[in-house]
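What follows is one structure encoded as structure tokens, with my remarks underneath.
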Amino acid sequence: MRKPIIAGNWKMNKIRDEALEFIYTVNQDVPSIDEVDTVICAPDVLIRCLVKRQGDNLRIGAQNMHFEESGAYTGETSPLVLSDTGVKYVIIGHSERRQYFNETDETVNKKVHTAFNHDLIPIICVGEHLEERENNTTKQVVSMQTEKALKGLNEEQVKNVVIAYEPIWAIGTGKTATPDMANETCGVIRSVVSELYGKEVAKQVRIQYGGSVKVDNIKELMSKEHIDGALVGGASLDPQSFIKLVNYQKL
């Protein structure tokens with residue numbers, strides 16, 4: 001059995017007081033870490049204060065990092081800083097990073113390797129644009145992104161990655177891939193891993209769905225064979241909504 005992983009991606013939201021109020025509210029109500037991995041990926045400036053206050057069953061993640069440890073990279077975040085601060089997870093290759101900040105499949109791969117070098121678990125995002133979905137090239141696009149992201153990793157590392165399938169056309173639009181559509185594409189991702197690393201490795205890789213995940217659709221999404229979790233945007237900003245999402249089995 002693959003342990004579910006529900007991660008909230010706050011994006012560029014919340015000031016310190018709002019973030020602390022959120023953590024204090026959810027700490028006691030998230031499920032046991034033995035049952036579900038519950039993660040909040042916060043803006044960099046909030047990470048330290050959140051890590052210091054995270055409960056036993058909550059983990060804090062970052063939304064991005066540089067692939068170099070240090071250097072003349074103004075505005076970037078070093079993996080050394082994340083590791084030293086106590087971060088557990090880092091989102092890599094989110095579509096907004098690809099669209100607005102020139103993230104490429106090559107830099108995604110570099111960051112994935114860097115994450116493992118610093119004991120960080122990468123949440124690797126892949127997904128297609130609306131025109132690619134309409135042109136029936138979703139499988140090719142997602143397969144290529146997955147293969148390039150995993151290039152050069154060993155089997156043990158691949159077992160520990162988290163891959164988030166996020167159809168770009170569903171992020172923040174209110175549109176959601178149907179559970180069957182999401183499961184089919186997550187299955188494509190698993191088949192790519194199987195082709196590259198074998199069935200046993202593919203069975204252990206956790207694949208999330210992201211794209212307008214809400215309280216009213218998470219339970220059905222999580223019931224699907226290849227969906228092991230969710231990467232949640234807007235619905236993770238409200239603590240009561242987030243508590244319901246991570247406790248989806250009780251809905």
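The values are calculated or read from the model by the stated rules, or taken from the named source; none is laboratory data. Source: prediction; values computed, not measured. Neighbour counts are summed over all protein chains in view; Cβ atoms, including those assigned to glycine, are modelled from backbone coordinates with ideal geometry. Quick note on the areas: whole protein, heavy atoms, side chains included, nothing else; ligands and nucleic acids left out. Shrake-Rupley method; radii C 1.70, N 1.55, O 1.52, S 1.80 Å.
Rounded if a/c is under 1.5, else prolate if a/b is larger than b/c, else oblate: which is region 119-251, with a ≥ b ≥ c the root eigenvalues of its Cα gyration tensor? Could the numbers behind the result be given before it?
Details: a/c = 1.87, a/b = 1.33, b/c = 1.41.
Oblate is the answer for region 119-251, as a/c is 1.5 or above yet b/c matches or exceeds a/b.
So, in Å, what gap is there between the alpha-carbon centers of region 200-251 and region 146-160?
Using only Cα atoms to place each centre, the spacing works out to 23 Å.
Of the trypsin sites (Lys or Arg not before Pro) in region 15-55, which ones lie in a loop per DSSP and count no more than 15 other C-beta atoms within 10 Å?
Lys52, Arg53
Per residue, how much accessible surface does the chain expose to a 1.4 Å probe? Answer in Å², no decimals.
47
So if I place +1 on the C-beta of Lys and Arg and -1 on the C-beta of Asp and Glu, and nothing else carries charge, what would the dipole magnitude of region 139-190 be about its Cα centre? I want it in debye, nearest 20.
With only Lys, Arg, Asp and Glu charged at Cβ, the dipole is about 120 debye.
So how far, in whole Å, is the C-alpha centre of region 4-50 from the one of region 57-110?
17
To two decimal places, what compactness ratio does the chain give when its Cα radius of gyration is scaled by 2.2 N^0.38 Å?
Working: Rg = 16.8 Å, N = 251, 2.2 N^0.38 = 18.0 Å.
Ratio of Cα Rg to 2.2 N^0.38 Å: 0.93.
Just going by the charge dipole of region 146-251, with Lys and Arg at +1 and Asp and Glu at -1 on Cβ, which of Asn183, Val232, Leu153 is farthest out on the positive end?
After comparing all options, I get Val232.
Long-range amide H contacts for Ala230: which residues qualify at under 5 Å (H placed 1.01 Å from N, peptide plane, sequence gap of 5 or more or a different chain)?
Close amide H contacts, sequence-distant or interchain: Ile5, Ile6, Ala7, Tyr209.
Of the accessible area of the chain, with the probe set at 1.4 angstrom, what percent is carbon plus sulfur?
C and S atoms contribute 47 percent here.
Of the chymotrypsin sites (Phe, Trp or Tyr not before Pro) in region 48-114, which ones lie in a loop per DSSP and count no more than 10 other C-beta atoms within 10 Å? Intermediate results must be reported in sequence, preceding the final value.
Numbers: sites: Phe67, Tyr73, Tyr89, Tyr100, Phe101; in loops: Phe67, Tyr73, Phe101.
Passing both the DSSP loop test and the Cβ count: Phe101.
In debye, nearest 20, what is the charge dipole magnitude of region 98-251 about its Cα centre with +1 on Lys and Arg Cβ and -1 on Asp and Glu Cβ, if you could check?
Magnitude of the dipole: close to 320 debye.
Using the structure shown, select from Lys52/Lys151; Lys88/Lys139; Lys3/Lys52; Lys11/Lys214 the pairs with a Cα to Cα distance greater than 27 angstrom.
Violating the 27 Å limit, Cα to Cα: Lys52/Lys151; Lys88/Lys139.
Could I get the Rg over Rh figure for region 1-146? Both from C-alpha atoms, Rh via Kirkwood, rounded to two places.
Value, to two decimals: 0.99.
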